[in-house]
Amino acid sequence: MLFAACASFQFYPVAYAQAAGDQLKDFPFVIGCEYKGMFHAFYLSRITPDGLATYVASERIAGTISLDGHAKAVGEQKGGNCVGKTLEELRSSGQAHYLQP
């Protein structure tokens, strides 16, 4: 199985790998939000090719945000103190936490 993984790696498109790596540095790894009186850590789950990041927390709570958009709750959740904020607003309020190289 390890061989299959290594063998398939050589065919992985380099341009896509670089683009995905670039997007990972643009989005925070964790966003902290208050919802219903509790603090939740929303972890980066995925980034679509068009730049929409999905974040998930416990209890099936999730949200999305793009580099130039506002945070939105996914599903029936009304959201907490992150909803409607941009990445810049989340950064300046101390709610966005990035991975350091």
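Based on this model, can you work out whether residue 99 counts as exposed (fewer than 15 other Cβ atoms within 10 Å of the Cβ), at pLDDT below 95, under 10 Å from the mean Cα position of the chain (by Cα) and hydrophobic (A, V, I, L, M, F, W, C)?
Values: exposed (fewer than 15 other Cβ atoms within 10 Å of the Cβ): yes; at pLDDT below 95: yes; under 10 Å from the mean Cα position of the chain (by Cα): no; hydrophobic (A, V, I, L, M, F, W, C): yes.
So residue 99 fails the test.
Name the residues in the stretch 43-67 that are basic (Lys, Arg) and over 10 Å from the mean Cα position of the chain (by Cα), would you? Steps first, please.
Here is the first cut: in the stretch 43-67, the ones basic (Lys, Arg) are 46, 60.
Listed by number, the list holds a single entry, 60.
Filter the stretch 11-42 down to the residues that are modelled with pLDDT of 60 or more and either charged (D, E, K, R) or open to solvent by 40 Å² or more (accessible area, probe 1.4 Å) (or both) and list them by number.
22, 23, 24, 25, 26, 29, 34, 36, 37, 38, 39
Can you find a residue in the stretch 76-93 that is open to solvent by 70 Å² or more (accessible area, probe 1.4 Å), modelled with pLDDT under 95 and either more than 14 Å from the chain's Cα centre (by Cα) or aliphatic (A, V, I, L, M) (or both)?
yes
The values are calculated or read from the model by the stated rules, or taken from the named source; none is laboratory data. As the structure is a computational prediction, the values presented were derived from the model and not from experiment. Quick reminder, even Gly has a Cβ in these numbers, built from the backbone with ideal geometry, and neighbours come from all protein chains shown. Ligands, DNA and RNA are excluded from the accessible area calculation, which covers all protein heavy atoms including side chains. Shrake-Rupley method; radii C 1.70, N 1.55, O 1.52, S 1.80 Å.
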